[in-house]
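The structure is given below, and queries will be raised subsequently.
The values are calculated or read from the model by the stated rules, or taken from the named source; none is laboratory data. Because the structure is predicted, anything quoted here is derived from the model rather than measured. Neighbour counts are summed over all protein chains in view; Cβ atoms, including those assigned to glycine, are modelled from backbone coordinates with ideal geometry. The accessibility values were calculated without ligands, DNA or RNA, using every heavy atom of the protein model including side chains. Shrake-Rupley method; radii C 1.70, N 1.55, O 1.52, S 1.80 Å.
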Amino acid sequence: MLIEFSVSNFRSFREKQTLSMVAAPRLHKRENVFKPEPKSEKFPDLLKVAVIYGPNASGKSNLLKALEVVRLIARQTPSADSGTLLPVTPFLFDATLSNQPSEFELHFIQAGLRYQFNLAATNKRIVSEKLLVFPKGKETLLYSRQNSDAGELYNFGDLLTQSQVSTILESWKKLTPPKLLFIAQAIANSSETDNPLKDPFEWIKGSGEFLLTSMNDAMNFPHKFIQDGGFGEHIAQFLREVDVPISNVRFEQTATPKVDSYIHDIKTFFTHKTALGEAELSYENQSEGTKNLFLFWLPWQFKERLPWTKLLIVDELDSSLHPEIVARLVEKHINSAKPSQLIFSTHDTHLMDAKILRRDQFWITERDMNGATQLRSIYDFEGRESEDIEKRYYEGRYRGLPLIKRG
């Protein structure tokens, strides 16, 4: 589970900004939090949901992209093209930072242990990485890597040097190229079941499902997955639960002739049920909201069903969706029998007035005079738990409103 995430010198982020999923004490709506239960360590509750508001171009999307960058870098393989740039862009309005690395810091819980992972990278190389673990709450180094004029400097903690993998640490170092994480190389070249790096790497690489661009860009895979898994009725039920009157989802596989081959595609059809009867319409003839819900179902199911996917991150969850549907999805997530986390950006302030979320679950982004993103929790502003958050937001009490020139 994610505890907190920090980023600096990345896109619109200049100074270090932190998104925390640690629940504030003494607030109501206890169903919105869960106990992470790391081994032998007392730890505060974590939030199930965080929602990010702010004007256009204030950094909401960049925050979510920063979270994804760590996962993308972790998924680099040793066979990756050496000419491929890492997905890192520094804060460009400050010339002193243009050649400095972007920095990311993750605090998370995996397999009952708390970890901290620090990464600094440019688009050309990994500058530094460090992994800490906290058995019984005590900070313990697993490893660190730092690029310097003298070359790559490594430091290994006792948990590695005294484990079964200790004899191959030097080999891993030599095999790790500039654009690959040491931890990724270590896992790729290890068959040891007790490798202390295995659990944290699984979280870094695969903890989250991200919907950060137009969902139609990756349209064919969800259609094929749902068809192959026989999930047509499941997606129909999911749509009905948010008041989309779909009684059935059907698939057809087509083959379009091409020179010496065929292009295979999947056509999806939805049966709409009304008082006058039923009619079948193709996916292309659905509303944008229905299309988005259809494509949203797959990562939603991963979050609900798979043990290693417990973090869902969505940019503009309200895209083409009615505010009541967004509220219903958030409620479904909160009330799920299996605790997981949902982080999303939105312009839909209906959630502020729906009394579903707590003050510590609302976050605001805004640009400062240097064009840099500032990230704040509404909980950090003075106010009562029962106050009208939506009203105060539009009054500018929490800042983060667009400054629109009139006349």
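Which of rounded, prolate, oblate describes the stretch 42-104, given a ≥ b ≥ c as roots of the alpha-carbon gyration tensor eigenvalues and a/c under 1.5 marking rounded, otherwise prolate only if a/b is larger than b/c?
oblate
Round to a whole number: what % of the accessible area of the chain belongs to carbon and sulfur, probe 1.4 Å?
Values: 9950 of 19880 Å².
Using a 1.4 Å probe with all protein chains present, the chain comes out at 50 percent carbon and sulfur.
Further, regarding this structure: Once you sort the root eigenvalues of the Cα gyration tensor of the stretch 1-118 as a ≥ b ≥ c, which label holds: rounded (a/c under 1.5), prolate (a/b larger than b/c) or oblate (the other case)?
Taking the square roots of the gyration eigenvalues as a ≥ b ≥ c, the stretch 1-118 is oblate.
Among Lys39/Lys205; Lys174/Lys205; Lys179/Lys291; Lys136/Lys174, which pairs are too far apart, with a Cα-Cα distance over 31 Å?
Values: Lys39/Lys205 22 Å; Lys174/Lys205 22 Å; Lys179/Lys291 37 Å; Lys136/Lys174 33 Å.
From the list (Lys39/Lys205; Lys174/Lys205; Lys179/Lys291; Lys136/Lys174), the Cα-Cα distance tops 31 Å for Lys179/Lys291; Lys136/Lys174.
Return a whole-number percent for the relative contact order of the chain, with Cα pairs under 8 Å and 6 or more residues apart as the contact set.
Relative contact order here is 19 percent.
Now for a separate question. By average Cβ neighbour count within 10 Å, what is the ranking of 170-176, 115-121 from highest down?
Taking the mean over residues of other Cβ atoms within 10 Å, the ranking is 115-121, 170-176.
I would also like to ask the following. For Arg26 paired with Ala279, estimate the spin-label separation in nm (one decimal), with each label point 7 Å from Cα along the Cα-to-Cβ line.
5.9 nm
State the extension gain, in nm to one decimal, for the chain segment bounded by Ser98 and His350, taking 0.36 nm per residue of separation less the distance between their alpha-carbons.
Values: separation 252, 0.36 × 252 = 90.72 nm, distance 3.91 nm.
86.8 nm is the gain from fully extending Ser98 to His350.
Here's something else I'd like to know. Ordered by packing density, taken as the mean number of other Cβ atoms within 10 Å over each peptide's residues, highest first, how do 315-321, 282-288 rank?
Top of the packing list down: 315-321, 282-288.
Sort the stretch 91-156 into rounded, prolate or oblate with this rule: let a ≥ b ≥ c be the square roots of the eigenvalues of the Cα gyration tensor; rounded if a/c is under 1.5, and if a/c is not under 1.5, prolate when a/b is larger than b/c, oblate otherwise.
Working: a/c = 3.42, a/b = 1.72, b/c = 1.98.
Oblate.
Ok, one more. Nearest 0.05, what FRET efficiency do Asn56 and Asp368 give at R0 = 22 Å with Cβ-Cβ as r?
0.90
I've got another one for you. For the chain, with a Gaussian network of springs between Cα atoms less than 10 Å apart, report the residue from Gly206, Gly277, Gly396 with the top mean-square fluctuation.
Answer for the Gaussian network model of the chain: Gly277.
Would you check the accessible area of Leu113, probe 1.4 Å, heavy atoms only, in square angstrom rounded to 10?
50 Å²
Averaged per residue, what accessible area in Å² does the chain show with a 1.4 Å probe, protein chains only? Mind showing how you got there, number by number?
Details: 19880 Å² over 407 residues.
Solvent-accessible surface per residue comes out at 49 Å².
Using a Gaussian network model of the chain whose springs link C-alpha atoms within less than 10 Å, name the residue from Leu97, Leu181, Leu298 with the highest mean-square fluctuation.
Largest GNM mean-square fluctuation: Leu97.
What residue among Ile126, Ile168, Ile109 has the largest mean-square fluctuation in a Gaussian network model of the chain, using Cα springs under 10 Å?
Of Ile126, Ile168, Ile109, the Gaussian network model singles out Ile168 as fluctuating most.
Ok, one more. Given [x] 27, 57, 15, 1, 0; [y] 26, 54, 20, 1; [z] 24, 53, 23, 1 as candidate values of P(r) over Cα pairs in 20 Å bins from 0, in percent, which corresponds to the one derived from the coordinates?
Answer label, from the structure shown: [z].
Arrange the peptides 365-372, 227-234, 339-346, 146-153 so that the one whose residues have, on average, the most other Cβ atoms within 10 Å appears first.
Details: 365-372: 15.2, 227-234: 13.6, 339-346: 21.5, 146-153: 11.0.
Highest-to-lowest ranking by the protection proxy: 339-346, 365-372, 227-234, 146-153.
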